[in-house]
There are 4 protein chains.
Amino acid sequence: MRPETIEQIFQSAVEVFAHSGFERAKMDEIARRAGVAKGTIYYHFKGKEELFVALMNDGMERIMDQLRRRMEVTEDPVHQLEGLLEGLVEYLYHNGTFAKLLISESWGSIERQHEFRARLRELVELIEDVLGRGGARGCFLPVKGHDTAVAIFGAASVAVLQDLFRDPDEKPAPEERIGEMADHLKQLIYKGVVASRSGK
Amino acid sequence: MRPETIEQIFQSAVEVFAHSGFERAKMDEIARRAGVAKGTIYYHFKGKEELFVALMNDGMERIMDQLRRRMEVTEDPVHQLEGLLEGLVEYLYHNGTFAKLLISESWGSIERQHEFRARLRELVELIEDVLGRGGARGCFLPVKGHDTAVAIFGAASVAVLQDLFRDPDEKPAPEERIGEMADHLKQLIYKGVVASRSGK
Amino acid sequence: MRPETIEQIFQSAVEVFAHSGFERAKMDEIARRAGVAKGTIYYHFKGKEELFVALMNDGMERIMDQLRRRMEVTEDPVHQLEGLLEGLVEYLYHNGTFAKLLISESWGSIERQHEFRARLRELVELIEDVLGRGGARGCFLPVKGHDTAVAIFGAASVAVLQDLFRDPDEKPAPEERIGEMADHLKQLIYKGVVASRSGK
Amino acid sequence: MRPETIEQIFQSAVEVFAHSGFERAKMDEIARRAGVAKGTIYYHFKGKEELFVALMNDGMERIMDQLRRRMEVTEDPVHQLEGLLEGLVEYLYHNGTFAKLLISESWGSIERQHEFRARLRELVELIEDVLGRGGARGCFLPVKGHDTAVAIFGAASVAVLQDLFRDPDEKPAPEERIGEMADHLKQLIYKGVVASRSGK
DNA sequence: TATGAATGAGCCTTCATTCAT
DNA sequence: AATGAATGAAGGCTCATTCAT
């Protein structure tokens, strides 16, 4: 009757998992913040693990949706990559919570972590595809797709995280930072850092 | 240099922390692998936290040493950046264990994580300095130092991790991959991905 | 006689209690098998305990009915005892479920268990009466009634249980086994095991 | 160093398990009675289940020892059976705790219960062997071994339990009752209940 | 009558840490 | 220096029961 309850648990879980990481997160805390009894969580989710995975899948779907939508507005791979970078930075910045989990819970051999990397690979493939299409059209250099795509993802996500977790008092307006960071990333990824290219 | 026992604990701790992450790592397991009694660890280290921090500091010192040594061989910022990238990839690849902890335990508000990010900032500053010097000399584009440096670090470390944690059966020879990956990163970071630059 | 819903709950409860014992039995499971919502059980029964007691009382009534009916067909205590043994074995064998609960939930100091033993005592008294009447008529040895009656009940019920819970693949036809076991019990209880009796 | 601790846990566990049954028994209570911290139990036993099984195995070993010793004093199967009955009644009476668990936790399909019945079968085989040897020598009637042996065990154990759990105020001296009950069982099992056998 | 979402006390188990030896 | 038995706080999960609909 009330999908409301599930939604509350979900919201609360995102916050708590993000704040504490999977291991330190306490079901008690999630329940408290959601304003439900502990048992209620277990009525809707099989356990901590399932709740977490449901959460991450949800997050991954959202980000993939956003990125795909960004890419549909143009056919030009260069613009598409631009959209990807902006979308990625924007989403991660607004869901720092999710960004943190994505980066910190993706490495390891636990089942959950396997599933995670699989999802992450989808995102990387999105980037890879753009690079591939652009390479075919001659508007991108012939880069080695996968490694480069992963590197681009790593650059964006770590940059966002580092920004989110710096001393809270010196943080500039988020919206401004998002634009700034996306620009810096675009510059790095589009042109690289080396100046003189004629002589090379 | 270090007494036998401590060294064994250290080695064992690296393995266990890397395999399980900080939270899942058990002091029991560390003691078992080190071949010492659990109490012995507490004789040498104040607790789990201290052991972990000591470990990470050690790791950070080693990587910083390696990177600094790489940079001393030349004065040319372009070559220095090359050395940095190679050194970073090489070290992280050989110490995947450390790479994983570095990336997954750096974000959060626990004391230990603060200390971590502080250390990481040192590494980023190393990159930033090179970019700065290169920019001053005109051999680098005038990039926004900090963001770009973080992005470069993120690109390298996530790329290495993704490689280390992919399906174990399709892994090529490590040494080969290290060269390859460093090359791909260098290309990305040096030239970017966009092809036509004539108009610029 | 009983309304549909209650009957379904009853049937389901018998199965679940028998399969899992009182403690391990879950109201959820009982409701599921009965095809009703969990709340429905609580609409008809005060709780788990009451449901269980109702069940056992029902079982005890049935078995007592069956045994009493068996005894009415003759006046001869020897034949009556025969009927008791056959009836007991037959009933327990066909209601292994009940047999198990009877034997395993009867010992302890919880209220429910007291009530149980009280019921069981009724059954034992039935046997005791037959032995008493037979002793008065001279067709039974002058045995100490209560102990012997309990022993007879124990012999029959444990024999049946042991048979019901042995490896499922080597089980012979139930009907056959019932006759067999009743015979063995009759022989034991009628003649005992010692051979030479002339010299005594 | 201190097998003392384990012994205390063992003793306490026997009491608690017997008083409450496996499911209702609380590790907290066992620890409290043993005078140790809860964790101490888990230092020595893997869990509740293992503790319980260890307990039961210990009990079974003790009873088998006692019964085997009883049987060694004579070669005559009739005397041996006498020893078995006396030993069984005596042991169960003195370890009502164990008797209860034996009878109430032996039926079911959980792993632990399988193991239990297996152990119980050993005991039954002891009886079966005596009956077999006696039958071969002609001092026992040619009874069907297994069923009869199970029935004898059931008779003895249920008789003891019924006695142990009757109203506490009307209990006679234990030692006296043990002798009495063993006698009643011997009479039942040796001669049966039917009086006139000449005419039959 | 019947439902099923919600509850929360209760329990088993884990594990970092201590300390007597 | 080293040991390992003992500790106990903490946390995930279960499940009988309630109640608004």
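Hey, any hits in the range C:155-173 for a residue that's small (Gly, Ala, Ser), facing chain D (nearest Cβ under 7 Å) and not in a helix (DSSP H, G or I)?
no
Taking the range C:174-196 only, how many residues are more than 8 Å from chain D (Cβ to nearest Cβ) and either touching a residue at least 60 places away in the same chain (Cβ under 8 Å) or within 15 Å of the chain's Cα centre (by Cα) (or both)?
Result for the range C:174-196: 5.
Being at the interface with chain B (Cβ under 8 Å from one of its Cβ atoms), out of contact with any Ser or Thr (no Cβ under 6 Å at 6 or more places or on another chain) and not in a helix (DSSP H, G or I) is the requirement here; does A:Gly108 meet it?
yes
Anything in the range A:85-108 that is open to solvent by 20 Å² or more (accessible area, probe 1.4 Å), of a type outside the set (Ser, Thr, Tyr) and touching a helix residue (DSSP H, G or I) at 6+ places or on another chain (Cβ under 7 Å)? List them, or say none.
Selection gives A:Glu86, A:Glu90, A:Asn95, A:Glu105.
Just checking, which of B:Glu82, B:Glu128, B:Glu111 is at pLDDT below 90 and surrounded by fewer than 22 Cβ atoms within 10 Å (Cβ to Cβ)?
Only one candidate passes the filter, namely B:Glu111.
Taking the condition of being polar (S, T, N, Q) and within 13 Å of chain C (Cβ to nearest Cβ), how many residues in the range D:7-24 meet it?
Of the residues in the range D:7-24, 1 are polar (S, T, N, Q) and within 13 Å of chain C (Cβ to nearest Cβ).
Which residues, taken from the range B:1-20, are within 15 Å of DNA strand F (Cβ to nearest atom) and either in the same structural domain as B:Leu123 (by TED's automatic domain parsing) or in a helix (DSSP H, G or I) (or both)?
Correct list: B:Glu4, B:Thr5, B:Ile6, B:Glu7, B:Gln8, B:Ile9, B:Phe10, B:Gln11, B:Ser12, B:Ala13.
Please go through the range B:30-61 and give me each residue that is buried (at least 18 other Cβ atoms within 10 Å of the Cβ) and within 15 Å of DNA strand F (Cβ to nearest atom), ordered by number.
B:Ile30, B:Ala31, B:Ala34, B:Val36, B:Ile41, B:Phe45, B:Lys48, B:Leu51
More than 12 Å from DNA strand F (Cβ to nearest atom) and of a type in the set (A, V, I, L, M), is that true of C:Leu67?
yes
Any residue at all in the range C:133-144 that is over 21 Å from C:Glu75 (Cα atoms) and either facing chain D (nearest Cβ under 7 Å) or modelled with pLDDT of 90 or more (or both)?
Checking the range C:133-144: at least one residue is over 21 Å from C:Glu75 (Cα atoms) and either facing chain D (nearest Cβ under 7 Å) or modelled with pLDDT of 90 or more (or both).
Failed condition for A:Phe10, given (1) of a type in the set (A, V, I, L, M, F, W, C); (2) away from DNA strand E (no atom under 13 Å from the Cβ); (3) under 20 Å from A:Leu92 (Cβ atoms); (4) free of Cβ contacts under 8 Å to residues at least 60 places away in the same chain, with all others met?
Exception for A:Phe10: condition (2).
Which residues, taken from the range A:18-33, are closer than 21 Å to A:Lys100 by Cα and within 14 Å of DNA strand E (Cβ to nearest atom)?
Matches in the range A:18-33: A:Phe22, A:Glu23, A:Arg24, A:Lys26, A:Met27, A:Glu29, A:Ile30, A:Arg33.
Could you tell me whether D:Arg68 is open to solvent by 80 Å² or more (accessible area, probe 1.4 Å) and either assigned by TED's automatic domain parsing to the domain that holds D:Gly87 or over 22 Å from C:Ser104 (Cβ atoms) (or both)?
It is true that D:Arg68 is open to solvent by 80 Å² or more (accessible area, probe 1.4 Å) and either assigned by TED's automatic domain parsing to the domain that holds D:Gly87 or over 22 Å from C:Ser104 (Cβ atoms) (or both).
Before we move on, is B:Glu49 within 16 Å of DNA strand E (Cβ to nearest atom) and within 14 Å of chain A (Cβ to nearest Cβ)?
Yes; evaluated as a whole, the condition is true for this residue.
Is there any pair linking a residue in the range D:25-54 that is over 21 Å from D:Phe116 (Cβ atoms) to one that is at pLDDT below 95 and part of a loop (DSSP other than H, G, I, E, B), with Cβ under 6 Å and at least six apart or on different chains, and which?
Close Cβ pairs (under 6 Å, with a partner that is at pLDDT below 95 and part of a loop (DSSP other than H, G, I, E, B)) do not exist here.
Just to check your reading of the model, which residue among C:Arg112, C:Arg119, C:Arg133, C:Arg137 is within 12 Å of the chain's Cα centre (by Cα) and touching a residue at least 24 places away in the same chain (Cβ under 8 Å)?
It is C:Arg119.
For the range C:111-149, what are the residues that are under 28 Å from C:Glu50 (Cβ atoms) and of a type in the set (Val, Ile, Thr)?
Within the range C:111-149, C:Val124 is the sole residue that qualifies.
The values are calculated or read from the model by the stated rules, or taken from the named source; none is laboratory data. Note that the structure is a prediction, hence the values are computed from the model and not measured. Backbone-built Cβ (ideal geometry, glycine too); neighbour counts: all protein chains shown. For accessibility, only protein heavy atoms count, side chains too; no ligands or nucleic acids. Shrake-Rupley method; radii C 1.70, N 1.55, O 1.52, S 1.80 Å.
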